[in-house]
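A.B. asks: Here it is: the structure, laid out below.
All of the numbers you see were taken from the coordinates with simple rules; none came from a lab. Remember, predicted model here, so these are calculated numbers, not experimental data. Quick reminder, even Gly has a Cβ in these numbers, built from the backbone with ideal geometry, and neighbours come from all protein chains shown.
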Amino acid sequence: MKKILLSFLMLFLSTFFSFAQQTTGVEMADQMRSSGKIYVVIATIVIVFIGLAIYLFTIDRRLKKIEREN
Amino acid sequence: MKFIYQSWWKVLAVVTIIYTLVAGLTFHVPTLPILHETIRNLYFHVPMWMAMLVIFSISVWYSIKYLRTGQEAYDLIAVECVNTGVVFFIFGLVTGMIWAKYTWGEYWSNDPKQNSAAIAFLLYCAYLVLRNSIDEEQRRAKISAVYNIFAFPIMIVLIFILPRLTDSLHPGNGGNPAFGKYDLDSRMRVVLYPAFIAWPLIAVWIATLRYRIRLIENKRNTL
């Protein structure tokens, strides 16, 4: 009897835990944020974008030179 | 048209995009099932379409201006705008496909939004092919201007209206709520709206660079 009661209790508790997980369980990259590794990603993207922007600016400048010659 | 030689708006666009890169990855987003962190794609996928829309609108504007005045420069602006717009079209399609893979399960699930976007893409490819198939300059300019004016509303209908009328997985279509419903707290807007302004500016910048090159080439060819 005791065993059955205990197992019922366990069953009840396990469903309780699984429900608890469902309510908060939308997975987000919180670990990446808390460990600060997200900044590595940001740094990479920003560097790539700044590089492309500088590239565009140099094209702009070269074009200006050619326009002046024409 | 003096502003295309100025750089303040180019710097503004670059700084704004750097802000959206940083803020887009760090600021708060709603926690939603299926989407998880990919909701941040909103800051980078949707502005591509915004840039495409703005640059195609400019193209139509100058096509109309060309038909009214017959000035060759307007035709050149229209072409280079389409050339740049097509690039952003590809960016939008590819980023959408990647996002779809991780939320809808397939890169291409023949969703109405995807299919009609692909048709609209072919529509603009046809514009570029049409241009290259006509040798005489004035005829080319006139025909492609007329085509461009007709292609634009068809593109709008294909991408933004028809998918709304059927069942689509894409947010904002076929009864699905758009993301406007999720970011009611406005915390996503502080990133999304600057991106909506900055990416079109980048597209305009690239288009003006191409237009200026085209002007020089044109001058050389006529000499």
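A.B. asks: How many lysine pairs does the stretch B:37-222 hold where the Cα atoms are under 24 Å apart and the two sit 8 or more places apart or on different chains?
C.D. replies: Qualifying lysine pairs in the stretch B:37-222: 6.
A.B. asks: Relative to the longest principal axis of the C-alpha atoms of chain B, give the angle of the C-alpha long axis of helix B:8-26, reported between 0 and 90° and rounded to the nearest 10°.
C.D. replies: 20
A.B. asks: Just subtract the alpha-carbon distance of B:VAL94 and B:VAL129 from 0.36 nm times their residue separation and send over the number in nm, one decimal.
C.D. replies: Here the answer is 10.4 nm.
A.B. asks: How big is the Rg/Rh ratio for the protein assembly as shown, C-alpha atoms only, Rh by Kirkwood, two decimals?
C.D. replies: The Rg/Rh ratio comes out at 1.11.
A.B. asks: Dipole size in debye (nearest 20) for chain B around its Cα centre, Lys and Arg Cβ +1, Asp and Glu Cβ -1?
C.D. replies: 580
A.B. asks: Here's something else I'd like to know. Bins of 5 Å, beginning at zero and ending with the bin holding the largest distance: percent of Cα pairs per bin for chain B, please.
C.D. replies: 1, 7, 13, 17, 17, 15, 12, 8, 6, 3, 1, 0, 0
A.B. asks: At most 15 other Cβ atoms within 10 Å and a DSSP loop assignment: could you name the trypsin sites (Lys or Arg not before Pro) in the stretch B:56-108 that fit?
C.D. replies: The qualifying sites: there are none.
A.B. asks: Given the stretch B:41-148, report the % of alpha carbon pairs whose separation exceeds 18 Å.
C.D. replies: Everything past 18 Å amounts to 52 percent.
A.B. asks: Assign unit charges at the C-beta atoms only (+1 for Lys and Arg, -1 for Asp and Glu), then state the dipole size of the stretch B:48-173 relative to its Cα centre in Debye, rounded to the nearest 20.
C.D. replies: The calculation lands at about 200 debye.
A.B. asks: Among residues other than B:GLN138 whose Cβ falls under 12 Å from its Cβ, what is the net charge (Lys/Arg +1, Asp/Glu -1)?
C.D. replies: With Lys, Arg at +1 and Asp, Glu at -1, the neighbours total -2.
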